[in-house]
Amino acid sequence: MWGIIPAAGVGSRIQPLAFSKELLPVGSRFEGEVERPRAVSEYLIERMIRGGARKICFVISPGKSDILEYYGDRIGDAQTCYVVQPRPAGLCDAVFRALPVIASNEPVIVGLPDTIWFPEDALTQLPDHLLSFLLFPVERPELFDAVVLDETESVREIRVKQPVRVTNQVWGAFKMPGHTLAALEKLWIERGRIDEYIGTLVNAWLARGGRAVGVKAGKAYVDVGTLNGYREAIRLLGAPAGERTHVAGAGGPNAANEAGEE
C-alpha cells in the first residue's frame with residue numbers, strides 16, 4: 001500500500017520559516033531515552049503506516065530538498081520515494097504526479113502533511129476497494145472541504161469552502177485503489193485540468209456514476225498551517241487521550257488544500 005503526501009506548497013499562511021512547512025516542529029518524540037522535536041509531517045506518516053502503507057511518496061517542489069534530507073530512503077518499515085511538482089498547480093496535480101510509481105491494484109492513501117488528527121488508527125477503517133474519505137467533525141466546516149453523505153454513507157457532494165453549512169463533517173484523508181486514482185486523473189485531463197481541489201473533481205466523478213463513501217472514524221482534527229492551528233495542535237497533543245474527541249479544526253482560507261497549491 002502506498003501513502004501519497006503532497007508537500008509542494010510553500011506554506012504562505014505560516015511563513016516566514018527557514019525550512020519547509022512540513023518540517024515545522026510540533027511536539028516531540030523519543031529516540032531511546034532522548035527526547036527530540038517532531039516534524040508535523042511525522043504524525044501523518046505514522047498514521048499512514050498504522051493504516052497499512054509500506055511505501056511513502058512525497059510530492060515536493062524543486063526547492064524542498066530539506067524534506068528528502070530529513071526523511072531519506074526509509075521511515076521505519078516504509079520505503080520512501082520523491083516526485084517533483086515543477087510549479088504550484090493545485091492538489092489534484094500534486095497527487096497525480098505520484099501515479100507513475102503506483103500499480104493499478106495497489107491501495108493508495110492520500111493525506112495532508114500539515115495536519116494532526118486522532119485517533120491514530122482511523123485509516124484502518126477505510127476500505128481498500130473503493131474511493132473513501134476519512135471524516136472529522138469540525139466547528140467551522142466552511143473553511144474546509146465538507147462532505148455530504150446520503151443515508152447509506154455514500155458521498156452525495158463535497159462542498160469546497162462553501163459558506164452555507166450543510167454538515168460539520170470534513171475530509172482529512174482519503175483512500176482508493178490505484179486504478180481509481182488513474183481514472184480520476186483521466187477525468188481531470190478530460191476536464192482540461194481545471195480542478196485544483198479534489199472536491200470539485202470528485203463531484204464530477206460522482207455525476208458520471210462514480211461512487212465514494214464517507215467513514216466517520218475521525219474524532220479530532222487540526223490544520224497546523226496557521227499560527228492559530230499551531231497553538232491548537234499543541235493543546236490537542238497535550239490533552240489526555242480521552243479528551244481528544246473534538247476540536248475546532250483550526251484553519252484558514254486555504255485549509256486542507258494548500259499542499260501543492262502555493
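The values are calculated or read from the model by the stated rules, or taken from the named source; none is laboratory data. If you're wondering where the values come from, they're calculated on a predicted model, not measured in any experiment. Neighbour counts are summed over all protein chains in view; Cβ atoms, including those assigned to glycine, are modelled from backbone coordinates with ideal geometry.
Structural remarks
- One residue stands out among those in the range 166-178 that are closer than 13 Å to residue 3 by Cβ and small (Gly, Ala, Ser): the one that is surrounded by the most Cβ atoms within 10 Å (Cβ to Cβ), which is 173.
- When every residue of the range 55-66 is checked against the conditions, none turns out to be among the charged types (D, E, K, R), closer than 28 Å to residue 204 by Cα and touching a helix residue (DSSP H, G or I) at 6+ places or on another chain (Cβ under 8 Å).
- Among the candidates 228, 203, the residue that is in a helix (DSSP H, G or I), at pLDDT below 90 and more than 15 Å from the chain's Cα centre (by Cα) is uniquely 228.
- Selection of first residues in the range 217-238 that are buried (at least 22 other Cβ atoms within 10 Å of the Cβ) and of second residues that are part of a loop (DSSP other than H, G, I, E, B) and of a type in the set (Asp, Glu), restricted to Cβ pairs under 9 Å at least 6 apart or on distinct chains, gives the following pairs, ordered by first then second residue: 223/114; 223/258; 224/114; 225/114; 225/258; 229/114.
- Restricting 11, 63 to those that are closer than 28 Å to residue 193 by Cβ and either at pLDDT 90 or above or part of a helix (DSSP H, G or I) (or both) reduces the list to 63.
- Within the range 179-214, considering residues that are among the acidic types (Asp, Glu) and surrounded by 15 or more Cβ atoms within 10 Å (Cβ to Cβ), the one farthest from residue 9 (Cα to Cα): 185
- Reported count of residues in the range 161-175, each being among the aliphatic types (A, V, I, L, M) and either in contact (Cβ under 8 Å) with a residue 60 or more places away in the chain or not in a loop (DSSP other than H, G, I, E, B) (or both), is 2.
Residue-wise test of (1) assigned to a loop (DSSP other than H, G, I, E, B); (2) surrounded by 24 or more Cβ atoms within 10 Å (Cβ to Cβ); (3) out of contact with any Lys or Arg (no Cβ under 7 Å at 6 or more places or on another chain).
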{"residue": "79", "(1), (2), (3)": "no, no, no"}
{"residue": "89", "(1), (2), (3)": "yes, no, yes"}
{"residue": "95", "(1), (2), (3)": "no, yes, yes"}
{"residue": "105", "(1), (2), (3)": "yes, no, yes"}
{"residue": "117", "(1), (2), (3)": "no, yes, yes"}
{"residue": "123", "(1), (2), (3)": "no, yes, no"}
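- Evaluation of residue 47 against the conditions (1) out of contact with any Lys or Arg (no Cβ under 8 Å at 6 or more places or on another chain); (2) within 28 Å of residue 236 (Cα to Cα); (3) in contact (Cβ under 8 Å) with a residue 40 or more places away in the chain; (4) not in a helix (DSSP H, G or I) shows that the sole unmet condition is (4).
- So residue 180, is it hydroxyl-bearing (Ser, Thr, Tyr) and touching a Pro at 6+ places or on another chain (Cβ under 8 Å): no
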